[in-house]
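The values are calculated or read from the model by the stated rules, or taken from the named source; none is laboratory data. Keep in mind the model is a prediction, meaning the values are calculated, not measured. All Cβ positions, even for glycine, are placed from backbone atoms using ideal geometry, and neighbour counts span all protein chains on display. For the accessible areas, the whole protein counts, side chains as well, though only heavy atoms, and no ligand, DNA or RNA atoms are used. Shrake-Rupley method; radii C 1.70, N 1.55, O 1.52, S 1.80 Å.
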Amino acid sequence: MAANLEDVPSIDLMTELLRRMKCSSKPDKRLILVGPPGSGKGTQSPLIKDEYCLCHLATGDMLRAAVAAKTPLGIKAKEAMDKGELVSDDLVVGIIDEALKKPSCQKGFILDGFPRTVIQAQKLDEMLETRGTKIDKVLNFAIDDAILEERITGRWIHPSSGRTYHTKFAPPKVPGVDDVTGEPLIQRKDDTAAVLKSRLEAFHRQTEPVIDYYAKKNAVTNIQAEKPPKEVSEQVQKTLSS
């Protein structure tokens, strides 16, 4: 359901028009971001999205939205989920195809968390081919597992505010306690060494063949993701402007 533009404040309309005018001169880009949990993809993704006027396609969110909106593909996805089955690759690619029709995806997209397998990558490429486009770049956020373990297992969170701390990089004034409220900090269940180890094993097993698949098409650029966020941003900018 489109919003009634008469009800949108003029300043918002003008801001959006100016944004679209600025975007019209940007080159189209279709990107895949690949990297293990904690590699910093989540930090860089919104920056790339804004700089190049791309839409961010997170397949998990898109599936949930399609199910909630009861689109034909969403109904099929819900049937699979209700049976406890995985949603088929064809369905996920179909939902991406639908999303690409939106005005926000006109200049291209960032895919994050998909494709996870070579078969998904092939199906994605086939779909893009029917649209006369292809993946321009795969940014591989490469980082040593040991560095990730230090990054992730040191994370502590203040649940009610979402403030995050790190025992080494951004410690609270008092260990285990939030600076502002003095309430105790918690560690997410996923942020333990054992959980991280299994997630990383799955990531390497599944994703490395995808990186190899796109490397054969000369589409992969390795980003040194162990560097500070500002330096990672500079590497990304350099890659995308070349």
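Give me, ordered by chain and number, the residues 5 or more places off D178 or on other chains with an amide H under 5 Å from its own placed amide H.
Excluding prolines and chain starts, which carry no amide H, the hits are E183, L185.
How much mean residue ellipticity at 222 nm does the chain get from its helices, if each DSSP H run of length 4 or more adds -39500 (n - 2.57) and you divide by all residues, to the nearest 500 deg cm²/dmol?
After summing the helix terms and dividing by residue count, I get -15500 deg cm²/dmol.
Specify the residue with the greatest mean-square fluctuation among V34, V174, V138, computed from a Gaussian network of the chain linking alpha-carbon atoms under 10 Å apart.
Top of the fluctuation ranking is V174.
Taking only protein heavy atoms and a 1.4 Å probe, what accessible area per residue, in Å², does the chain have with all protein chains in place? List each step's numbers first, then the result.
Values: 14400 Å² over 242 residues.
Computed with neighbouring chains in place, this is 60 Å² per residue.
What's the magnitude of the charge dipole for the chain around its Cα centre, counting Lys and Arg as +1 and Asp and Glu as -1 at the beta-carbon? Answer in Debye, nearest 20.
Working: 36 positive and 35 negative charges, 70 e Å.
With Lys and Arg at +1 and Asp and Glu at -1, about 340 debye.
Where the accessible area of region 129-188 is counted over protein heavy atoms with a 1.4 Å probe, how much of it, in %, is carbon and sulfur? Don't jump to the answer; show the numbers that get you there.
On the way: 2030 of 3640 Å².
It is 56 percent, rounded to a whole number.
Where the centroid of each part is defined by its Cα atoms, how far is region 147-169 from region 49-104 in Å?
Using only Cα atoms to place each centre, the spacing works out to 31 Å.
In region 9-110, carbon and sulfur make up what percent of the accessible area (probe 1.4 Å)?
C and S fraction of accessible area: 59 percent.
Is the C-alpha gyration tensor of the chain telling us rounded, prolate or oblate? Criteria: a/c under 1.5 is rounded; beyond that, a/b larger than b/c is prolate, otherwise oblate. Mind dumping the intermediate values first?
Working: a/c = 1.42, a/b = 1.27, b/c = 1.12.
Since a/c stays below 1.5, the shape of the chain is classed as rounded.
Relative to the longest principal Cα axis of the chain, at what angle does helix 229-241 sit, 0 to 90 degrees, rounded to 10?
Taking Cα atoms only, the helix is inclined about 20 degrees.
Lys/Arg Cβ at +1, Asp/Glu Cβ at -1, dipole of the chain taken about the Cα centre: which of L57, I223, P36 is farthest positive-ward?
I223
How far, in degrees from 0 to 90, does helix 118-130 lean away from the longest principal axis of the Cα atoms of the chain, to the nearest 10?
For 118-130 against the chain, the angle is about 30 degrees.
Amide H of I223: which non-local residues (sequence gap of 5 or more, or other chain) have their own amide H closer than 5 Å, using H built in the peptide plane?
Counting only residues 5 or more places away or on other chains, the set is N140, F141, A142.
By how many degrees, between 0 and 90 and to the nearest 10, does the Cα long axis of helix 193-215 differ from the longest principal axis of the chain?
30 degrees
Which value, in debye to the nearest 20, gives the size of the charge dipole of region 29-88 about its Cα centre, when Lys and Arg are +1 and Asp and Glu are -1 at the Cβ? Mind dumping the intermediate values first?
Details: 9 positive and 6 negative charges, 23 e Å.
I would put it at about 100 debye.
How big is the charge dipole of region 55-166 about its Cα centre, in debye rounded to the nearest 20, if each Lys and Arg gets +1 on its Cβ and each Asp and Glu gets -1 on its Cβ?
Values: 16 positive and 17 negative charges, 107 e Å.
Approximately 520 debye in magnitude.
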